[in-house]
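The values are calculated or read from the model by the stated rules, or taken from the named source; none is laboratory data. The structure presented is a predicted model; accordingly, all values stated were derived computationally and were not measured. FYI the Cβ positions are ideal-geometry reconstructions off the backbone, even for glycines, and counts take in every protein chain you see.
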Amino acid sequence: MGDLMFRDTLSQTTQPAREPSDETANSKIRKRIRSGLVAVMLICVWVSVRLPYEVESGIEALLNGPNRVDPQTLHLRGEFVESNLGTVEEPGDGVTLRMIADQYLFVPQCVLVPTGVPIRVRITSADVVHKPSIKETGVEIKAVPGYVVETHLQFARPGEYEMPCHEFCGPGHYTMRSKLIAVSLQEFRNLSQEARTNCALR
Amino acid sequence: MLCARRLAGTRNALNGQIGLPGIALGVVSFLLASANLMGSDAPEPPVRIPSNVAWTAETIAKAYSGNALRGLLVARRCDRCHGREGFSSNPRVPNLANMDRLVVWKQLDDFRSGKRSSDVMQSIASSLSLQDTADIAAYYWIMPIAWDPADDRAFPQPLSDPRLEAVAVRLITAGDGSRGLPPCQACHGSVGWVSGAPSLATQNATYLLEQIEAFASGQRRNDINMRMRSIAAQLTGEERRALAESYGAGLSPISSPQK
């Protein structure tokens, strides 16, 4: 019995393949068209989801210029030279806070910002990825070497916030902590340029 | 303003002779001049650059390109203060034996450009070519730190107060998170190294203390990205003394960058 079955299956497999009829060919073509349409639709969905972001980042890049910097020469030229760090008042509304993160300090190590005005934070790293996180606010800013990362913040009331590094960056990571102090706009304006730049040294 | 008035004068003179084109020329030049004046009126903060050295691939390659044999000859002018084999007999002068090549390169460059000031070193550094600098760096880098009974070195010096050791060990190995002070060993060895950070394991106490004080007061400001100024300014007087004396007593593990 078993021998018979074996022979039977053998004869089935050795049967010459039949020529595909027109119907099966048509269905194959239809299948291909359908999968092609699905692919096109998926691409359309992806593009329509991504498009606003791409346009926005494109416009941002056009407005702000390229956000690339050389991490090795931050102290020599460009916006992250030593004398340009810290909080500065902009001609329009708000302030800009420029910071460098490097192993194992944030420069300046203590920053002052005014409350009630938009703060534009521009940060970059001189060596590896760091991530200052402003405690009790849920704000985390990833500092990436080679790029300027920009974030917008606003503080409602004065206070002192811890700003530790939340991305492992080497053997000194666990003490890489800085401070952010939010003061009223009036108090901020009364301070000297030096005091606004680095409150760790005052 | 003077410039604008003079331009107005030329405009009048031109007006008499050439007429309309003269007026046009005068107006254009007046506008240009006023634009120039407005540009110079805007307050520009002075750009402060701590050091001209940046650790780009070319700079590192240049600093490593020294020939220690040639350095042996060039470095003879350093013997008087830094010792024949890089160990000084004067505790105010840094020991250079086994110092990383990038450190010697950067400090000599900073002396040359005036970013770090020293009456003695600035004139010596300006007499050195870039090749000399690399050669000297290579020479000191291969000098051993093993104790030699024949030479007259200030290192190591005993602690003035044994209680300082505990203060220093805590800062060297753990730092102080509450003030954001990283452990010294994360950059100065033996746990981690940062380009341009000197090994402190065989450094003289008096020299170290003077440098910490200089960083804290802002008198020395050639540290890239304000690393040492930020740290030194936050150390208390006792901590500064403890760190300098502990390193100067040879209490930290001795090692050099693996490069």
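Residue count for region A:76-90, restricted to those that are within 11 Å of chain B (Cβ to nearest Cβ) and in contact with a Lys or Arg (Cβ under 9 Å, 6 or more places away or on another chain): 9. A count restricted to region B:49-74 and to residues that are within 20 Å of the chain's Cα centre (by Cα) and of a type in the set (A, V, I, L, M) stands at 7. Applying the criterion of at least 2 residues that are in contact (Cβ under 8 Å) with a residue 60 or more places away in the chain and out of contact with any strand residue (DSSP E or B) (no Cβ under 9 Å at 6 or more places or on another chain) to the helices (runs of 4 or more DSSP H) found wholly in region B:143-259 leaves B:164-173, B:205-217, B:237-248. A:R98 satisfies every condition listed in (1) out of contact with any strand residue (DSSP E or B) (no Cβ under 8 Å at 6 or more places or on another chain); (2) assigned to a strand (DSSP E or B) except (1). From the list B:A138, B:A197, B:A154, the lone residue that is surrounded by 15 or more Cβ atoms within 10 Å (Cβ to Cβ) and assigned by TED's automatic domain parsing to the domain that holds B:S65 is B:A138.
Condition test on B:Q211, is it farther than 20 Å from A:L105 by Cα and outside the structural domain of B:P94 (by TED's automatic domain parsing)? No, not satisfied.
Per the conditions (1) under 19 Å from the mean Cα position of the chain (by Cα); (2) within 14 Å of chain B (Cβ to nearest Cβ), the sole criterion not satisfied by A:V129 is (2). Please indicate, with yes or no, whether at least one residue in region A:138-161 is touching a Leu at 6+ places or on another chain (Cβ under 9 Å), within 14 Å of chain B (Cβ to nearest Cβ) and at negative phi. Checked region A:138-161: at least one residue is touching a Leu at 6+ places or on another chain (Cβ under 9 Å), within 14 Å of chain B (Cβ to nearest Cβ) and at negative phi. Inclusion of A:D93 among residues that are away from every other protein chain (no Cβ under 14 Å), in contact with a Pro (Cβ under 9 Å, 6 or more places away or on another chain), assigned to a loop (DSSP other than H, G, I, E, B) and not polar (S, T, N, Q) is warranted.
All of B:S195, B:S190, B:S178, B:S118 fail the test of being within 14 Å of another protein chain (Cβ to nearest Cβ) and either within 19 Å of B:R221 (Cβ to Cβ) or among the β-branched types (V, I, T) (or both), apart from B:S195.
Condition (residue is touching a strand residue (DSSP E or B) at 6+ places or on another chain (Cβ under 9 Å) and in a strand (DSSP E or B)) applied to region A:190-199: is it met by at least one residue? Taking every residue of region A:190-199 in turn, none turns out to be touching a strand residue (DSSP E or B) at 6+ places or on another chain (Cβ under 9 Å) and in a strand (DSSP E or B). Filtering B:L128, B:L102 for residues that are in contact with a helix residue (DSSP H, G or I) (Cβ under 8 Å, 6 or more places away or on another chain), outside any helix (DSSP H, G or I) and either touching a residue at least 40 places away in the same chain (Cβ under 8 Å) or closer than 26 Å to B:F215 by Cα (or both) leaves a single hit, B:L128.
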